[in-house]
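Read-outs throughout are calculated quantities, based only on the coordinates presented, and are distinct from any laboratory measurement. Note that the structure is a prediction, hence the values are computed from the model and not measured. Don't worry about glycine lacking a Cβ; one is built from the backbone with ideal geometry, like all the others, and counts go over all protein chains shown.
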């Protein structure tokens with residue numbers, strides 16, 4: 001049963017989400033060249049994918065962690081945009097015909113369907129570039145902080161231990177049987193690394209201690225795993241309307257998912273275990289972690 | 001007629017080229033994950049394109065400029081690798097079927113022909129990431145220098161005033177008539193920006209003055225233009241064996257080239273004018289600029 005205090009936290013998280021989305025969207029609008037700036041097609045393609053109604057989960061996590069350790073939103077917002085640009089670029093490239101070949105994302109045409117493959121590839125490329133430029137030029141942060149952030153984000157998004165490595169392993173896994181451990185490895189790289197790094201960036205900007213960085217890293221690693229398990233669960237249980245994409249696509253294909261490997265009940269049970277682990281790591285922190293707690297609850301119970 | 005001192009300079013430039021190539025290749029080999037590192041395909045694809053016998057023109061220019069202002073090779077080598085990685089990533093993506101659709105580069109299969117489109121896209125993505133990571137983590141440079149280099153390289157490789165913008169305009173120009181000024185704008189972005197930035201990075205690492213940076217920028221801008229004009233000339237005059245790709249491809253298509261617009265003699269004349277301009281800017285510098293002079297001569301007279 002939901003208690004009154006849980007209701008208030010949930011409402012407060014919703015407000016926090018909406019406020020962060022608005023802040024991030026406004027800053028992204030300032031950072032990304034306008035559609036009327038030449039070359040128009042590439043800028044339109046960048047904006048099509050960046051302003052596609054994404055939930056801004058990574059910026060929300062980055063902000064929540066940063067504020068938990070006393071950083072102000074003005075020091076966090078540009079790095080949050082940078083992480084979101086990396087995320088958007090990865091979605092554009094992953095949707096391409098030679099990759100996951102998706103026509104629909106968040107209820108509308110994917111970037112290459114709308115603007116053609118060449119523009120989509122270039123839009124992804126330019127978003128990655130802009131992400132690093134944004135952090136490097138963020139005058140609200142110390143030089144050493146900016147460098148550490150560039151390095152963190154690059155490690156989490158490249159190879160051998162970041163997002164691109166995960167996408168490569170995921171494509172490779174389509175053609176053979178994948179076990180639970182290998183699946184976890186794929187997702188730790190493909191989605192987990194950038195989620196974990198988003199949280200770590202919040203700690204770095206707040207100049208928190210190494211022990212605090214370690215605790216947040218473990219919390220976020222569990223959160224990333226939880227995010228992927230609930231993603232696989234939603235793929236089976238949600239309707240196309242809620243999901244904005246064709247549900248059941250992953251489970252029908254031979255593609256490795258938590259539901260394919262553990263079954264529906266097994267995947268649900270795993271989600272609860274991982275959620276509990278993520279909350280346990282927060283106990284190591286002396287700061288008030290209600291917001292981080294609420295984010296983990298939200299990911300466990302999300303319906304979209 | 002070639003004088004004895006010109007011969008000695010030419011030999012010395014050749015030795016400088018070979019030595020720089022060896023240094024850059026060794027450092028790139030250290031920086032890029034090995035083919036046996038998971039995910040193997042992506043790392044093999046990155047290496048296939050990076051170690052394809054490229055001339056390392058941008059690293060050579062960066063080194064020559066840096067040393068002209070007193071920087072040591074050990075402070076220049078990693079930024080030179082970073083610029084080369086950006087160049088290699090751009091070639092991989094430009095060769096893709098939805099872009100320039102090239103099967104052959106430097107006499108062998110392009111990345112997507114050899115490894116498939118998905119691996120090629122990811123290899124390009126990962127090379128871009130590694131380029132920024134390499135500069136951000138270069139402990140031989142001051143923090144403020146590294147940030148300035150990340151910002152420089154990002155500006156030169158993204159939109160609206162860098163390489164990706166140039167490639168977008170170039171693709172767009174295939175379907176209509178392009179004039180001389182527009183062609184220059186395309187190439188200034190598509191190849192000129194990164195060439196100019198390579199030279200500027202050398203100045204930045206050497207901590208030279210703003211006036212020196214300005215002179216080098218102008219020299220390198222002319223050099224980039226010269227590089228493209230001679231590229232178009234070679235496309236018409238060189239054999240397939242020398243070129244490592246199908247000659248005449250650009251001039252036969254409706255694609256805008258300096259030869260298509262100015263004719264063969266007109267393009268040759270333009271090359272000489274631009275070469276003279278690039279040398280004139282070097283006169284503003286008090287440093288010994290023989291190497292930079294020799295590089296401009298080499299680009300004017302190159303046969304491959």
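Please compute the contact order of chain B in relative form: average sequence separation of alpha-carbon pairs under 8 Å and at least six residues apart, divided by the residue count, as a percent. Each step should come with its number before you reach the end.
On the way: 415 pairs, mean separation 56.6, N = 304.
Here the relative contact order equals 19 percent.
Shape annotation for the protein assembly as shown: C-alpha extents along the principal axes are 93, 45, 45 Å, from largest to smallest.
Just checking the listed ones, B:286, B:190, B:55: in the Gaussian network model of chain B with Cα springs under 10 Å, the one fluctuating most is B:286. Each label was represented as a point 7 Å from its Cα along the Cα-to-Cβ direction; for residue B:18 and residue B:174 these points are 3.9 nm apart. Put a point 7 Å out from Cα along the line to Cβ at residue B:34; what are the distances to that point in the other copies, in nm, shortest first? So the distances to the same position in the other copies read 5.3 nm.
Mind sorting B:302, A:105, B:78 by how few other Cβ atoms lie within 10 Å of their own Cβ, fewest first? Please list the in-between numbers first.
Numbers: B:302 16, A:105 20, B:78 23.
Ranked by crowding around the Cβ, least crowded first: B:302, A:105, B:78.
Could you check which residue among A:40, A:260, A:207 shows the biggest mean-square fluctuation in a GNM of chain A with a 10 Å Cα cutoff? Highest fluctuation among the options: A:40. The stretch B:263-304 and the stretch B:145-205 have Cα centres spaced 20 Å apart. Counting only DSSP H runs of at least 4 residues, each contributing -39500 (n - 2.57), and dividing by the residue count of chain B, the helix-based mean residue ellipticity at 222 nm comes to -23500 deg cm²/dmol. Each other copy places its own label point for residue B:214 at 5.3 nm from this one, sorted shortest first, where the point lies 7 Å along the Cα-to-beta carbon line. Across the identical copies, the 7 Å label point of residue A:180, projected outward along Cα→Cβ, sits 7.2 nm from its counterparts, in ascending order.
Quick check: from the Cα gyration tensor, does the stretch A:12-301 come out rounded (a/c under 1.5), prolate or oblate? Since a/c reaches 1.5 but b/c is at least a/b, the shape of the stretch A:12-301 is classed as oblate.
For the residues of B:162-175, the average number of beta carbons from a partner chain within 10 Å of their own beta carbon is 5. The mean count of C-beta atoms from other chains within 10 Å of the C-beta of residues in B:290-300, rounded to a whole number, is 0.
Between the alpha-carbon centres of the stretch A:13-29 and the stretch B:15-66 there is a gap of 42 Å.
Per-residue Cβ counts within 10 Å, from other chains only, averaged over A:111-119: what number is that?
Shielding by partners across A:111-119 averages 3.
Largest mean-square fluctuation among B:45, B:271, B:168, in a Gaussian network model of chain B whose springs join Cα atoms under 10 Å apart, belongs to B:168.
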